[in-house]
Amino acid sequence: MNEELKKKYWERYLRLKHKGVKFYPDVVYKDLVVSFALFLLLVGLAAFVGVKPEPPVDPNDTSYIPRPEWYFLFLFEFLKFIPGELEWVGATVIPGLAILVLLLLPFLDKNPHRHWSKRKVGTGVMTAIVLAMVGLTIRAVVTTPPQEEGPVALSLPEQIALGQELYSIHCAECHGPDGEGGEIQGVEGLEGVVLKPINSQDEMYTRSDQTLYNIIAYGQQDLGMPPFGRAYGGELGPAEIKAIVTFMRYTWDDRVELPAEAQGGGMPTLGPDEVPSYEEHVEPLVKRYCVSCHRPGKKNNNYLMTSYDEVMHSGDHAPVIIPGDPDNSILIQLIQRHELDFSRPMPPTKALPDDVVDIFVRWVAAGAPQTAAEADQIEAQQGGGAAPATPQP
Amino acid sequence: MTDKPSRMQALYAWLDERLGLSTIYKVVLDRKVPKVNWWYTLGSATLFLFTMQVITGIFLTVYYVPTPDHAYDSVNYIMQDVSFGWLVRGIHHWGASFMVLFVFLHMLRVFYMGAYKYPRELTWVIGVLLFVLTLGMGFTGYLLPWNQRAYWATTVGTQIAGTPPIIGPWITRILRGGEEISALTLSRFFSLHIWMIPALMALLIAVHLYLVIRIGISNPPSKDE
Ligand code: HEM
């Protein structure tokens, strides 16, 4: 810019400045309005949206889809359009050059005009770049599959509940629903092996959390305990193993106290005239006592119990549940310890407590309702007894 | 009404004599500027966000522990047990995103209004440096919670930075403090995030604002400019 243009610029600028406003209060007022609005927005987001909980680091979980912060997504997406051997050009050279051009822009741009309409090339290029960035970001969000994440348990009661659930799924088939051990039945390869209890004072006093963690992660292969850590071919990550250890410690070690919120172990209670439903009463029992064997990949006559539909309809001798007729339902016969020609009593090792069997029987007798609302309806039709009337949704 | 100054006025006069408060007031606040529009609030909004990040960040360092064994649990502790920890972390988390967004929007407004031209070239150059440093804050801060998202994003990020031939592997090693993401990476990113980059940014922001005040804010250009 030559001296004459500079002089013209200053003349014009000073004129506008004198016709202008005071920085304080005119401009400061606007600035404060915007900052205050931003402040409210941030507090609102922190309070109502919060920060999404994430599982802790697991370097062995290669199924994790890496995802950068949203403002780097466009670059990630951009790299997908660049052939592999040139990736470094797209990843470092192009962004580096872009920053360099930005840095030197005032010296590269010799056009003395300021209004956008007199700088059509510059503003046009910038607009195209910004639109491309927005487009790439949207494309990245749309095309990245959502991460499948196990539940993230943060508070102690949450961790204990998660540990209980994982224990029931992964460990109960060998160690029993309460870690009591005994003779293994119905598990391929370990039929008849007798396990010592792992819920004993002896076990809890001699095994530290770290030892328990390692036993679960590495297994005890010479003794028949499979490894569960993802790093050793199992299916559990560090957070999940930690939850199991926390559950074991807080439920079996008499030196630590179970927090009040975690008491009851998530087991449902049923009033004398209440009609049980699958979701509220039966599912927690199934998870605790049956799912460890009745899930895919286990020996179980193809009877799976991971959802209501499976419980009702799967199995080699399906249906094992006849709604309204507990006496002829195979499932009820088995948990009442009848031996059938195709199956042992269930669960194979140890009879269920009487009150648990009672819930199953009453549930099937009432027609095996799935939701609490359905159970309430049945209860109302039966005259409901002393049960309080619950409003229908 | 007395002509004897009140105690407050006397105190102000005493301080003013030594600190030059009225000069600061005249130069910074009581100055004339061209009539400007709402787009001109983006810079001060960025400044506000930066200040919020600094304040909430300082509170977070009270409990945060930058080691692989404790980082995740300490963040969890801030969220679960520290009173208003969730609020402080929530503001810091969302503030980080908004900071990047607002720096970028501020840059766009300066660009479209041609405000980077004479005599504000240096203001712009420092601005671009601030932009890059803001992205650096985002990148280094992302690893600190030491969760899956953080770990894998940083793995890929540092790997991409290491793609150029010859010097690439060396860059990756510098960023990670070794071959793998480890305790060293975490402590490196931590010191960059809470100390080195913010200190540099504070310095550059001071110069940036000095230049804005010294030169005066540009006027929104009219069609013939
Ligand atoms: C931490 C980041 C930044 C802060 C806190 C900041 C702050 C400010 C503030 C308060 C102003 C006063 C005018 C206005 O608000 O528009 C300003 C002006 C300006 N900023 Fe920034 N800024 C930052 C980043 C940037 C970036 C990334 C650029 C460009 C690459 C930039 C270039 C400029 C220029 C050229 C001006 C003068 C504009 C004019 O006079 O119209 N700044 N900045």
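The values are calculated or read from the model by the stated rules, or taken from the named source; none is laboratory data. Not measured: the values here are computed from a predicted model. FYI the Cβ positions are ideal-geometry reconstructions off the backbone, even for glycines, and counts take in every protein chain you see. Ligands, DNA and RNA are stripped out before the accessible areas are found, and what is left, the full protein with its side chains, is counted by its heavy atoms. Shrake-Rupley method; radii C 1.70, N 1.55, O 1.52, S 1.80 Å.
Here are some notes:
- Residue match in the stretch B:77-91 (condition: hydroxyl-bearing (Ser, Thr, Tyr) and either crowded, with 22+ Cβ neighbours inside 10 Å or within 16 Å of the ligand (Cβ to nearest atom) (or both)): no
- Among the residues listed as A:Ala153, A:Ala132, A:Ala98, A:Ala128, the single one being hydrophobic (A, V, I, L, M, F, W, C) and buried (at least 19 other Cβ atoms within 10 Å of the Cβ): A:Ala153
- The lone exception for A:Tyr9 - which of (1) open to solvent by 60 Å² or more (accessible area, probe 1.4 Å); (2) among the hydroxyl-bearing types (Ser, Thr, Tyr); (3) within 30 Å of B:Arg120 (Cβ to Cβ) it fails: (1)
- Number of residues in the stretch B:116-169 that are in contact (Cβ under 8 Å) with a residue 24 or more places away in the chain, more than 16 Å from the ligand (Cβ to nearest atom) and open to solvent by 10 Å² or more (accessible area, probe 1.4 Å): the value is 6.
- Count - residues of the stretch B:170-205 that are open to solvent by 60 Å² or more (accessible area, probe 1.4 Å) and assigned to a helix (DSSP H, G or I): 10
- All conditions but one from (1) closer than 25 Å to A:Asp109 by Cα; (2) in a loop (DSSP other than H, G, I, E, B) apply to B:Pro164; the one that does not is (1).
- Complete set of residues in the stretch A:15-67 that are among the aromatic types (Phe, Trp, Tyr), open to solvent by 70 Å² or more (accessible area, probe 1.4 Å) and within 7 Å of chain B (Cβ to nearest Cβ): A:Tyr24
- Looking across the stretch B:206-225, the residues that are open to solvent by 30 Å² or more (accessible area, probe 1.4 Å), assigned to a loop (DSSP other than H, G, I, E, B) and either within 11 Å of the ligand (Cβ to nearest atom) or among the polar types (S, T, N, Q) (or both) come down to B:Ile217, B:Pro220, B:Ser222.
- Checked against the criteria, B:Thr41 counts as within 15 Å of the ligand (Cβ to nearest atom), open to solvent by less than 80 Å² (accessible area, probe 1.4 Å), polar (S, T, N, Q) and in contact with a Lys or Arg (Cβ under 8 Å, 6 or more places away or on another chain).
- Applying the set (1) within 22 Å of the chain's Cα centre (by Cα); (2) at the interface with chain A (Cβ under 8 Å from one of its Cβ atoms); (3) assigned to a helix (DSSP H, G or I) to B:Pro145 leaves exactly one unmet item: (3).
- Members of the stretch B:95-115 that are open to solvent by 40 Å² or more (accessible area, probe 1.4 Å) and within 9 Å of the ligand (Cβ to nearest atom): B:Phe104, B:His106
- Those helices (runs of 4 or more DSSP H) of the stretch A:167-268 in which at least 3 residues are closer than 23 Å to A:Pro157 by Cα, considering only elements entirely within it, cover A:201-206, A:209-218, A:238-252.
- When A:Ala243 is tested against (1) touching a Cys at 6+ places or on another chain (Cβ under 9 Å); (2) crowded, with 18+ Cβ neighbours inside 10 Å, only condition (1) is not met.
- Put simply, of A:Ala368, A:Ala373 the only residue that is assigned by TED's automatic domain parsing to the domain that holds A:Pro323, modelled with pLDDT of 85 or more and more than 30 Å from A:Asn301 (Cβ to Cβ) is A:Ala373.
- Evaluation of A:Gln164 against the conditions (1) under 18 Å from the mean Cα position of the chain (by Cα); (2) outside the structural domain of A:Ile244 (by TED's automatic domain parsing) shows that the sole unmet condition is (2).
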